[in-house]
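Student: One structure, as structure tokens, below. Some questions next.
Readers should treat all values here as calculations from the given coordinates under stated rules, not as data from a laboratory. Small disclaimer: the values here were computed from a predicted structure and weren't measured. Please note: Cβ atoms are built from the backbone with ideal geometry, for glycine as well, and neighbour counts cover all protein chains shown.
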Ligand SMILES: Cc1cc2nc3c(=O)[nH]c(=O)nc-3n(C[C@H](O)[C@H](O)[C@H](O)COP(=O)(O)OP(=O)(O)OC[C@H]3O[C@@H](n4cnc5c(N)ncnc54)[C@H](O)[C@@H]3O)c2cc1C
């Protein structure tokens, strides 16, 4: 259940591990959306097409004869967990975790405060999030959080239309950002730069934006990477501090947008007027998931909202081994096909083809269909 990276990697692990003798495995990969790939499509930033290229590996799985995709089938809406669990020999819960976490401060409910998921899902064309913030009035932006999602949000707001030309950002979102009168973007972290969880490539990219100058107060950078961190973490943090020191040498006013990193700053209250847009990038929560015999969880649904796409591979492969061990001692269920009719891989490929064709006309990788009616219509042929 769930056609994001962890679901696909679980299917991959099952197929790799089941090549030994035994009954043929049949895998249904089910998602509530008409489109597969979870956060690769709806979360990963639209200007990072290299990261999104992972879907080519997932497409190969969809082409396997014993793997089926079923979109537009939501657990909770179309089926209950109990029905799914009863219908299959094993169920893998791969439904992710994307409810925006709350800061828990007064003012958080003001209309100019956006959770990062709602914001990113909008510009990535998720059909449940078709309205974005009113950017026509936005001069000052606060991005709260010190992880890569905060960098994504700040970068996407800072980039020029030219820099976004080869992206698959939803055209309306791209046009709204390009026209916004943004002058300042503050990236706000409650701890010091030595604790930020930015990866260095993403941080360094903030120094190469055409219309924004990255700025940081040199005084905030007296820290060093914590000595008790494991080596790769210490290296990452040391590199980040070097990158930030370079930003400290930049000149405010050198480019139209000031992109400031503010450390040791904890928002106590959000007021009207201080910022025109506040985007909180402080992680995600989820809903209660089923447990029981023959039920396994992978990815963000299992581990919580941390880890990149590759993290899910090892995790899902390990769980796939447990699933295979569970299946080994079972008499396979037979009888009726448990999968109700709906959007299959061919339906998704019709959406894919239509989006790529629309994009080609404008030199973009794709232009997404963003409303349920169009997605269902195109998928249905
Ligand atoms: C904004 C953002 C940017 C990111 N950028 C990067 C990046 O650049 N590089 C990187 O490596 N990682 C990135 N990540 C992390 C990466 O996206 C995750 O590690 C990965 O997507 C988690 O995979 P998953 O399969 O567990 O969950 P998801 O990708 O969330 O997939 C879950 C799937 O389950 C479906 N689903 C949910 N509920 C139901 C239901 N009730 N019934 C049926 N289906 C359901 C959803 O529609 C979805 O397709 C980013 C994450 C976010 C939030």
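Student: Suppose each label sits 7 Å from its Cα in the direction of the beta carbon; what would the residue 208-residue 374 distance come out to in nanometres?
Tutor: 3.2
Student: I'd like the distance between the alpha-carbon centres of the range 314-381 and the range 150-165, rounded to an integer number of Å.
Tutor: Comparing the Cα centres of the range 314-381 and the range 150-165, I get a distance of 29 Å.
Student: Note the full-extension length gain between residue 245 and residue 57 as 0.36 nm times their separation in residues minus their Cα-Cα distance, in nm to one decimal.
Tutor: On the way: separation 188, 0.36 × 188 = 67.68 nm, distance 3.84 nm.
Contour length minus the Cα-Cα distance gives 63.8 nm.
Student: Right, something else. State, to one decimal in nm, how far the label point of residue 233 lies from the label point of residue 314, with both points 7 Å from Cα in the Cβ direction.
Tutor: 1.4
Student: Rounded to whole Å, give me the distance from the Cα center of the range 39-64 to that of the range 234-304.
Tutor: Taking the Cα centre of the range 234-304 as reference, the centre of the range 39-64 is 23 Å away.
Student: Need the full-extension length gain, residue 303 to residue 191, defined as separation in residues times 0.36 nm minus the C-alpha distance. One decimal, nm. Write down the numbers at each step before the final one.
Tutor: Working: separation 112, 0.36 × 112 = 40.32 nm, distance 2.38 nm.
In short, 37.9 nm is gained.
Student: So between residue 166 and residue 24, what do we pick up on full extension, going 0.36 nm a residue minus the alpha carbon distance? Provide the component values of the computation, followed by the final result.
Tutor: Working: separation 142, 0.36 × 142 = 51.12 nm, distance 4.24 nm.
In short, 46.9 nm is gained.
Student: A further question follows. What is the distance, in nm, between label points placed 7 Å from the Cα along the Cα-to-Cβ direction at residue 268 and at residue 200?
Tutor: 3.7
Student: Please order 205, 109 by the number of other Cβ within 10 Å, starting at the fewest. Kindly include the intermediate steps, with their values, before the conclusion.
Tutor: Details: 205 16, 109 8.
Neighbour counts put them in this order, fewest first: 109, 205.
Student: Restricting to Cα atoms and excluding each atom paired with itself, what does the Kirkwood estimate give for the range 101-284 in Å? If you can, show how the numbers build up before the last one.
Tutor: On the way: mean 1/r = 0.0595 Å⁻¹.
Computed over Cα pairs of the range 101-284, the Kirkwood hydrodynamic radius comes out at 16.8 Å.
Student: Using only the alpha carbon atoms of the range 1-129, find the Kirkwood hydrodynamic radius as the inverse mean reciprocal pair distance, in angstroms to one decimal.
Tutor: Values: mean 1/r = 0.0606 Å⁻¹.
Its Kirkwood hydrodynamic radius stands at 16.5 Å.
Student: If you don't mind, there's one more thing I want to ask. State the three equivalent ellipsoid semi-axes of the chain, derived from the C-alpha gyration tensor as the square roots of 5 times its eigenvalues, in descending order and whole Å.
Tutor: Details: eigenvalues 308, 117, 70 Å².
Calculated on Cα positions only, the semi-axes equal 39, 24, 19 Å.
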